[in-house]
Structure formats: C-alpha cells, structure tokens
Amino acid sequence: MPARFLRSLAAGVLLALTFPSTAAAEWHFVPTIGWTFQADTSIFDPDEGTSKVHWNFGGTVTLLGSGILGVEGMFVWTPGFFQNDESLGHPPLVSKSHTIAMMGNAVLTTPRQWTEYGLRPFVSGGLGALRVSRTDVTFPGTANIPAFNIGGGAIGFLSKRTGVRFDLRYYNNLTPSEDTCPTTIGQCHLRYMTFTAGVVIRR
C-alpha cells in the first residue's frame, strides 16, 4: 500500500509539473445558448419530442495554458427534450421534461501564440452523465446515465478579456443497459448532438 501511494503521489507531482504554470494559464468562463438535435433514444417518447430541435442553455469553464493542453467542465440543459409543440392528433402526454449533460473533458488546442487574436481551434472529449427527467400521464421517470462526449470548435477574442466560442458536440451513453433508463424499449440508449455559442470571459 505505501509503495502504491508513493507511485500515485509521484505521478500526480509529475503531472502538476508538466501542466502550464498558473502565470501562463488562463480561465475561460462561457455562458452558452444553442440547439440540441439529431436525438435518438430507446426511452419511451409518447409525443415524439426527441426527434425535434430544442433550445439548450448552459456553460463551460475551461483552463488553458499557452501550450496545447487544457481541461474543462461543461453543463448543457435542454428543456422540453421529450415535448412536441406540433399537433399529433391527441393532447400532449408529456407536461414537463429535460435532459442535462454534465461532463469533464480534456482539451487539445493550438498554442496560444499562434492565434492570440484569431480563431483558436480546439477538440475536447471526456466522461460524465446525462440526466433525463420526464413528467407525463404514462410512465414518468428520472435517470442519471453514464455517458461520454466528443466535439470541437473555435474560440476567438475581440479584446484582451472577452471573446466568443462556438462548439459542435456529440453525446452518447457509455453502456446499454435496461437498468439505467426509465421505461425503455429494449436496452437503454440515449444520444444527441448540440451546437452552442457563447461569450468568453477570460481571466
């Protein structure tokens, strides 16, 4: 046990030493708005709402250095995920619903000196959870589904402290299971894409 602890401690110290120094690092705080689309799920969807495009809202906190590596935390809330405003020939069965994506990602980008006031492209991906909630007259339910995401986009700065960020991203559950989703038809699966844009506040 002590040897394992020392190896873990040494690995952590090495990682800290290789990560950009605090002076070279910068924080990006990004409130976002966008669309959720191309959804596919085995969760019971009585109003056929998941096939529609829905607004989403969220935020991202990213730590980037002057080099190519960074980390970020991401939150995307899609209200009305199972709801459909179009007439289906019957009253809506789903009265309230949403999905929430909560992810922790590794970021790969270009060196800061290459694109200080131009577009700085990036790709990122990681793990987290998709939280699903639905209130209806048939089978209401809530679930937290282990998931991954991968995507990319670009960041461009208009001034030293403010800029814009665009992001296109794919989300999918990790392992199909009948136990992790409420009222599924077959094994649980949930996947969708998002496009988001936001104002970057750099610190």
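Computed from the coordinates by the stated procedures, all read-outs in this text should not be read as laboratory data. Please read these numbers as outputs of a predicted model, since none were measured by experiment. Counting neighbours? That spans all protein chains shown, and the Cβs are built from the backbone with ideal geometry, glycine included.
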With 0.36 nm assigned to each residue of separation and the Cα-Cα distance removed, residue 95 to residue 57 gains 11.7 nm
How far is it, in nm, from the label point at residue 162 to the one at residue 144 when both lie 7 Å from their Cα along the line to the Cβ? 3.7
Förster-model FRET efficiency, 41 Å R0, residue 40 and residue 201, C-beta, rounded to 0.05: 0.75
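With a Förster radius of 22 Å, plug the Cβ-Cβ distance of residue 174 and residue 69 into 1/(1 + (r/R0)^6) and report the FRET value to the nearest 0.05. Walk me through the numbers before you get to the answer.
On the way: r = 24 Å, r/R0 = 1.09.
Once the sixth-power term is evaluated, E becomes 0.40.
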Taking H placed 1.01 Å from N in the peptide plane, check which residues at least 5 places from residue 39 or on another chain put their amide H under 5 Å from its amide H. 193
